[in-house]
Amino acid sequence: MDCRARNVLHMYNSDPQDDVPFAKVLYNSDKLVRALYQGMTENGVIVMQLGGSPFEYEPPDIVTTSKNRALMTEILEQAGFKSIHVYEEGHSKFMLPWSYLVAFKQYQSRALWYSNPAAVELKIHDRIKRTYSGKPALKYFDGATMSGYTVPPKAFETVFCRKNPVPEECLEARGFDPKYANAPVKSFEVKMSTVGEKSGRGVFAAVDIPADTRIAQEQSVHFVGFPPDTCDLLQEMFEKVGAAAALKSMYGYMHGYGFQSRIMGDDEVYVDSSILTFVNHGCNGTYNMGSETSGWTEWTVDPMKPPPESLSGTTNSVYNPVNDRHLYQLMSGSDFTLRDIKKGEEILDNYLAFTGSAADWTTDVNDLRAQCSGEAVGSVTSYEEGK
């Protein structure tokens, strides 16, 4: 028996819907999944079939013949897998579209799952063997197909949201809820910030804005994105030819105006395309907008310890087709007012939520402390002054 650790494990045996003892062992055994987990490398991946794809009219998997599918995702999460995704393939030559599952042992492997189509095409070119005929070796797969896999079919979301109790994401992240009012971008204006002498410009309310109001949703979805592949390429190029004026400007724009996240598995940066990019940090917990009130401030966190999970810039849902289908909404459209805001009041956010990278946590916290003490300028002012 070959006992070497594996990078990728493929499981294509019995369907989870099969009413046979082997299927129950394969999809219900936590011991089996733990053994597979322990036998994989740190970057290990499991790929398995989930049988026929669900229909939108079906109840949750757990009460149907697909209950093994629901149990498997739970067992994989309990074993320690950090990111689980489902996708559908229509070329498996079954009577129905067939669904599959991918489980990553490390959260960072999500970056591979969300690679842009061009990066996938390059990896195919570098790794696949050429055919003698010169025809493509892959008949149904390319970079665009891989990009489609990252968004699960809507039926998976619908069935998932019929669980009891209903997952929170099903109530908050399935499109923009009309029950929440939206303050359009014309409700704000840019003036010199009141946070401090070195804070530069800030964003102020031009009208009274009630609590729980979305912030310029019509503009926030049009962000400028630098996904992990792009961030890595820009960083590599900047380190090699950083003196190039055009590249330096792009690099400065990304880090000077952007905010970090790791929702795609590795460091990515997003820049608000409207005046919201000038929103300042609320020192000492004075922020009045955001996606939640975390309770953490630049003075209450420990810069020498890993960031609290609520500030890590990651998604804490290991398996969640709702998040997978509404990823860009989670990145950009979830900010709202945390309390009533009066006309003329400055809009402030909690920059701790934008750190994203654990490697930058210590530096970012200390920078915020220096800014809040008046000892340093913010990133936008620093970039514009060429510092």
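Brief remarks on what is shown
- Contact annotation: residue pairs with Cβ atoms under 8 Å, 6 or more positions apart or on different chains, pairing a residue in the range 325-341 that is modelled with pLDDT of 75 or more with a partner that is hydroxyl-bearing (Ser, Thr, Tyr) and open to solvent by 50 Å² or more (accessible area, probe 1.4 Å), are Asp335/Ser291; Phe336/Tyr180; Phe336/Ser291; Leu338/Thr293.
- The lone exception for Ser133 - which of (1) touching a residue at least 24 places away in the same chain (Cβ under 8 Å); (2) open to solvent by 30 Å² or more (accessible area, probe 1.4 Å) it fails: (1)
- Some residue of the range 260-273 being part of a strand (DSSP E or B) and at pLDDT below 85: yes
- Filter result for the condition that a residue is closer than 21 Å to Tyr27 by Cβ and in contact with a Pro (Cβ under 7 Å, 6 or more places away or on another chain), over Val86, Val102: Val86
- Filtered residue count, the range 283-305, keeping only those that are open to solvent by 30 Å² or more (accessible area, probe 1.4 Å) and touching a Phe, Trp or Tyr at 6+ places or on another chain (Cβ under 7 Å): 1
- Filtered by the rule that a residue be under 18 Å from Phe259 (Cβ atoms), of a type in the set (Val, Ile, Thr) and in a helix (DSSP H, G or I), the range 224-241 gives a lone residue, Thr230.
Okay, residues lined up against (1) more than 28 Å from the chain's Cα centre (by Cα); (2) of a type in the set (Lys, Arg); (3) under 29 Å from Leu327 (Cα atoms):
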| residue | (1), (2), (3) |
| --- | --- |
| Asp18 | yes, no, no |
| Gly39 | no, no, no |
| Glu56 | no, no, yes |
| Asn68 | no, no, yes |
| Glu74 | no, no, yes |
| Phe81 | no, no, yes |
| Gly90 | no, no, yes |
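- Answer residue from the range 332-347, given it is open to solvent by 20 Å² or more (accessible area, probe 1.4 Å) and within 18 Å of Val185 (Cβ to Cβ) and is nearest to the chain's Cα centre (by Cα) among those: Ser334
- Within the range 242-256, the set of residues being over 25 Å from the mean Cα position of the chain (by Cα) and either at pLDDT 80 or above or part of a helix (DSSP H, G or I) (or both) comprises Ala245, Ala246, Leu247, Lys248, Ser249.
- Total residues in the range 328-376 satisfying the condition of being of a type in the set (Ser, Thr, Tyr) and under 20 Å from Ile209 (Cα atoms): the figure is 3.
- Residue in the range 223-240 that is open to solvent by less than 50 Å² (accessible area, probe 1.4 Å), more than 26 Å from the chain's Cα centre (by Cα), free of Cβ contacts under 8 Å to residues at least 40 places away in the same chain and under 23 Å from Met331 (Cα atoms) present: no
The values are calculated or read from the model by the stated rules, or taken from the named source; none is laboratory data. The model shown is predicted, which means the values in this text are computed figures rather than measured ones. Using ideal geometry, Cβ is built from the backbone for each residue, glycine included, and neighbour counts are taken over all protein chains shown. Surface accessibility is based on the protein's heavy atoms, side chains included, excluding ligands, DNA and RNA. Shrake-Rupley method; radii C 1.70, N 1.55, O 1.52, S 1.80 Å.
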